Amino acid sequence: MNAPIVDECDAPPAVRWPLRAVEELFALPFSELLFRAQCVHRAHFNPNEVQLATLLSVKTGGCPEDCAYCPQSVRFQTGVVDQDLLPLDDVLNAARAAKANGATRFCMGAAWRGPKQRDIEAVAAMISAVRELGMETCATLGMLKDGQAEQLCAAGLDYYNHNLDTAPDFYGHIVHTRHQQDRLETLARVREAGIKVCCGGIIGMGESRTQRAALIAQLANLDPYPESVPINNLVQVEGTPLAGTEALDPFEFVRTVACARITMPRARVRLSAGRSEMSDAVQALCFLAGANSIFYGDKLLTTANPQVERDIALMDKLGLQRAPVDAA
């Protein structure tokens, strides 16, 4: 089987990556898959540069959705303390600290099903202020209504994060308070407003390999595919329905990263949630497989993330450099 390693960006979107082709990538011998992913990676990026992004929860807890992985749902008892929208000064202080530590992208997350108009106005002020620091901005605020993406774009938002979470046929097992189509409609609004898309998913939620391949195929066949693709490994939080799920084999996670790199060659593929449970060796394999962005800092919304010092030490051991702000 000769799986493609070339850039397929100019192929017709509907047939760019059939599910069967992505399944064949997953089934390759591990060394062959990583070799192909590294070839694609080197064709589009400096293989020794990694983008550092920091994620801040600007509004925590109290979300009415029932996403089975999320400790911020009001439906689950996880110990997360609800927190109203942070003041602008607190957000700016966090952004300045992130920049001082080497981060070039600052992401702001809010636990809403979707923002109200007053929320959009408040977050727009945060976006403008962070942009003035010379950082890229990203926001994840839930589902957007008509006109809201345009307001965020006018404030200077570079990226909007809205993950597909999982394969279409597995989505209903994870979320019951919305449909995946709702997510796709928000992504369409973001694209129409001229904002870049940050969109990936979570693996290790009990899905099959075919369903992991289906998620990657769905992302790769978006027209265009996302500029930024976060790959999350499930962080099991006591109190959520997915607590106690059988852990994903680390090599399967690396395979997923490699398949994302091959199918979306120009995207930033980001190691996101779950890195705190990964060894340095597994993370090194992910970089070899084409990951070139990480969430950087001590916390991701409400869950732990590898400490800054550990990340710096790992990057030094691997000879990785911080990507400049204009390289994304």
Subject >> Relative contact order (%) - criterion: Cα under 8 Å, at least six apart; region: the chain >> reply: 24 percent
Original post:
Any idea which of MET108, GLN180, ASN48 is furthest toward the positive side of the dipole for the chain, if Lys and Arg beta-carbons carry +1 and Asp and Glu beta-carbons -1?
Top reply: ASN48
Original post:
For the chain, with only Lys/Arg (+1) and Asp/Glu (-1) charged at the beta-carbon, what is the dipole magnitude about the Cα centre, in debye rounded to 20?
Top reply: 280 debye
Original post:
Which of the GluC sites (Glu not before Pro) found in region 100-139 are loop residues per DSSP with 12 or fewer other Cβ atoms within 10 Å of their Cβ?
Top reply: GLU132
Subject >> Distance (nanometres) between label positions extended 7 Å along Cα→Cβ at ARG266 and GLU121 >> reply: 3.8 nm
Subject >> Charge dipole (debye, nearest 20) of region 25-174; +1 at Cβ of Lys and Arg, -1 at Cβ of Asp and Glu >> reply: 220 debye
Subject >> Dimensionless Rg/Rh of region 95-193 - Kirkwood Rh, Rg from C-alpha atoms >> reply: 1.01
Original post:
Where a Cα-Cα gap under 16 Å defines reach, which lysines qualify for LYS145, not counting those fewer than 8 residues away within the same chain?
Top reply: LYS116
Subject >> Per residue solvent-accessible surface (Å²) - the chain, probe of 1.4 Å >> reply: 40 Å²
**OP:** Can you tell me the dipole magnitude for region 93-235 around its Cα centre, using point charges on the Cβ only (Lys, Arg +1; Asp, Glu -1), in Debye to the nearest 20?
**Re:** 320 debye
Original post:
So, with a 1.4 angstrom probe, what is the percent of accessible area on the chain that is carbon and sulfur?
Top reply: 52 percent
Original post:
Among ALA323, PHE251, ASN233, whose Cα sits farthest toward the positive end of the charge dipole of region 205-324 (+1 at Cβ of Lys/Arg, -1 at Cβ of Asp/Glu, about the Cα centre)?
Top reply: ALA323
Original post:
What does a probe at LEU19 reach in region 170-201, counting residues whose amide N is under 17 Å from the point 7 Å along Cα→Cβ?
Top reply: 170-174, 180-181
Original post:
Among the aspartates and glutamates, which fall within straight-line cross-link reach of LYS317, defined as a Cα-Cα distance under 17 Å, with same-chain neighbours fewer than 8 residues apart omitted?
Top reply: GLU49, ASP280, GLU309
Subject >> Convex hull projection area averaged over all views, the chain, Cα basis, nm² >> reply: 14.9 nm²
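The values are calculated or read from the model by the stated rules, or taken from the named source; none is laboratory data. For clarity, every value in this text was computed on a predicted model and none was experimentally measured. Neighbour counts run over all protein chains shown; Cβ positions are idealised from the backbone, glycine included. Only protein heavy atoms, including side chains, enter the accessible area calculation; ligands, DNA and RNA are left aside. Shrake-Rupley method; radii C 1.70, N 1.55, O 1.52, S 1.80 Å.
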